[in-house]
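Encoded as structure tokens, the structure appears first; notes follow it.
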Amino acid sequence: MGRSSQLKRGAWARVLVVVCLIAASLANALIAPAETVRVPSTLMSRVTFDGARGRVALSFRPTHVGFTWEGSHDARVVFRTVAENGRASKWRVAPVSHDMEMGTTRFSGLMAVDRPVRVEYRKRFRAKVDQTSSWMSAITMESINTLDGPLREVTLRSTGEEDAGAPDIVTRAEWGADESLKRSSGECERTFHPVRQLFVHHTAGSNYDTDGAATMRAIYAYHTQSRGWCDIGYNFVIDWSGTIFEGRWARPYAPWETHDSEDHRNHATAGAHVAGFNSGSVGISLMGNFTSVDPPSSMKSSLKEVLAWEADRHGLDPTGSHTFNGRRMQRIAGHRNAGYTACPGNKLYDQLPKLRRKTKAMIGVGRAATTLSLRASVSQITYGQSSELFGLLTGENDAPLAAQTVTLYRKDGAAHWVEDSTVITGPDGSFSTTVLPAKRLAFAASFDTGATLWGSDSRVVTVEVRHAVTMAPSDRSPDGKGVYRYSPKAKSVLVGGEVRPRHSNKSVTVKLFKQSQKTGTYNKLVEAHAPLEGGRSFSHSLQLPDRRSGTRYKVTAKMPRDGAHEPGYSGPRWLVVD
């Protein structure tokens, strides 16, 4: 299948699929409801120490530690941990993480530790002939515990079944992200760009990690609280077992959408993983340090899956090269290809050529990207009216896709998403259906991934429903011009009407206005609340304060907004005293 070098609107299938279809007799399929889980709060402390060597007592027992210092490129921190029983670990060099170094500020990777009571450290410089330029300031150590803090509640999103072609991504809620730590406004406002480049990283942290979710929470806290970033730097992170984690927050997702780090145009959010090359690139980081250790096969398999998914959806040749931000590089590159860094480690970097070839083989002929739109002919209707939903399904170069099945879903307020209907696209790729909502409903369309096409989904469209309100004087009939006429002897007017749909224990607001003889404008005289009888009908008597001949009045009725309906208006009725 031919593919353009750049897809205008490549879309990954974040498909609404039934999760509760147990028997064919079920009328509607439901998206599984949201679930609340309890996750340990992240504990953090920071201490700064100087001197060539020393020991530091810890205020709590950390699960992860990281170091920050000012210094020359050859400066390193060597440390070991001491347990409660006095047993010390082996000395190890804290690996330097070059992801977004700031001038002479150095950061170590975040390393897992086994809840020590103290840390011992040494300053070290890599051996070289001339060390006169070597220097190192005081060291700041971040202690992080992501397992023993007070439990907090996290709500997992409502979900549908995952699309078979998508990687299985653990969402931020699922790994326990504390969303109060991120910033997404002001200078941290998200920006989105067409995907042109894929970067492979390593976190420069501990190998053989057995709790990827806990380490994700630690990396997240380290990036936001220690480094001062707006959010976690990477778009995706893969742990030692091959689990793929959602990284940087992009936007709120609908229940059926894959957390793909993109907006609805399929543009990726800019991360903080390669200085000067974040816009238009996707950063995928492997959890660990691969300077001298090979990544396990499970991790590489997941990496290939993510690379193939990204490359195919965005029309990138996994083995191709291009010029990106003024630098010539492979479409799938290591961090070091765009800056001074050892990332992603020699053992991983040396395997990138093979990973590129295997990624291309995994894609094969590939799938064509699709785009699905949905709009409503009328976004606000009165109860009892209908609205038309129109949509369009297109492929590459906006070519229409005919005879394809599109699934429509609807959602009533806080209720679950349910399947509404299916439609077949016409020769021009379009489809339509009529809806008759009794209250505010949200609608969305989804096209499933197939053998030759990537799936896509539409934005959510909301159709609001106004109360239907009728009202008129009930003590006489209007004249040929629709005016209700009263004699000067009439002291009041009796009005009545109905509201649809029915509402128990509700009232209609009735207002009486009088016209100013000087300006011709109508000024409110009376506002009254008429209770609904039987949930539908109402009546109310309004006093006419001025019964001089030629006096003109206006009467209106309004049913206020509720949780499911917009305000409904009867329209004015005109009264004249003559």
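Just a few scattered comments:
- The residues of segment 264-294 that are surrounded by fewer than 24 Cβ atoms within 10 Å (Cβ to Cβ) and free of Cβ contacts under 8 Å to residues at least 60 places away in the same chain, listed by number, are S292, D294.
- Some residue of segment 238-260 being modelled with pLDDT under 95, touching a strand residue (DSSP E or B) at 6+ places or on another chain (Cβ under 8 Å) and polar (S, T, N, Q): yes
- So S507, is it under 42 Å from the mean Cα position of the chain (by Cα) and within 30 Å of L436 (Cβ to Cβ): yes
- Test: residue in segment 50-69 that is in contact with a strand residue (DSSP E or B) (Cβ under 7 Å, 6 or more places away or on another chain) and over 25 Å from Q225 (Cβ atoms): yes
- In segment 418-441, the residue that is modelled with the lowest pLDDT out of those that are aliphatic (A, V, I, L, M) and crowded, with 17+ Cβ neighbours inside 10 Å is V418.
- Check on F290, out of contact with any Asp or Glu (no Cβ under 8 Å at 6 or more places or on another chain), farther than 27 Å from W454 by Cβ and of a type in the set (F, W, Y): yes
- Residues being in a helix (DSSP H, G or I), buried (at least 19 other Cβ atoms within 10 Å of the Cβ) and of a type in the set (S, T, N, Q) - total across segment 297-336: 1
- D317 being among the acidic types (D, E) and either in contact (Cβ under 8 Å) with a residue 24 or more places away in the chain or over 24 Å from G364 (Cα atoms) (or both): yes
- Every residue from segment 231-248 that is crowded, with 21+ Cβ neighbours inside 10 Å, among the hydrophobic types (A, V, I, L, M, F, W, C) and in a loop (DSSP other than H, G, I, E, B): I232
The values are calculated or read from the model by the stated rules, or taken from the named source; none is laboratory data. Values in this document were obtained by computation on a predicted structure and should not be read as measured data. With ideal geometry, Cβ positions are generated from the backbone for all residues, glycine too; neighbour counts draw on all protein chains shown.
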